[in-house]
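Take a look at the structure below.
The values are calculated or read from the model by the stated rules, or taken from the named source; none is laboratory data. Here the structure is a predicted model, which means the values were calculated and not measured. All Cβ positions, glycine included, derive from the backbone under ideal geometry; neighbour counts span all protein chains shown.
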């Protein structure tokens, strides 16, 4: 679930990198801050904020928790289910 959540951010950042970096060295963009660099930074920043919000929502909703990734032993799954159903720090739990 995490990879699918981060995939749009990676695609947007990779698209800008593929378009901008062949034109100039990265130091050119870091030193002069041309408009296309600023636009790319803003778009990537917005997508990163949306990605972070979606990931926080998924964690608070208990989607894609660690319960399925860990081997189940006798009695070991019960605490994981409890944590997934009521994550600490999430509003409304």
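Would you confirm whether any residue within the range 75-84 is at positive phi, in contact with a helix residue (DSSP H, G or I) (Cβ under 6 Å, 6 or more places away or on another chain) and modelled with pLDDT under 90?
For the range 75-84, residues at positive phi, in contact with a helix residue (DSSP H, G or I) (Cβ under 6 Å, 6 or more places away or on another chain) and modelled with pLDDT under 90: absent.
Close Cβ contacts (under 9 Å, 6 or more residues apart or on different chains) running from residues in the range 49-73 that are at positive phi and at pLDDT below 80 to residues that are assigned to a helix (DSSP H, G or I) and surrounded by 15 or more Cβ atoms within 10 Å (Cβ to Cβ) comprise 62/84; 64/5; 64/58. When the range 1-32 is filtered for residues that are exposed (fewer than 11 other Cβ atoms within 10 Å of the Cβ), more than 30 Å from residue 63 (Cα to Cα) and in contact with a helix residue (DSSP H, G or I) (Cβ under 9 Å, 6 or more places away or on another chain), the ones remaining, listed by number, are 23, 30.
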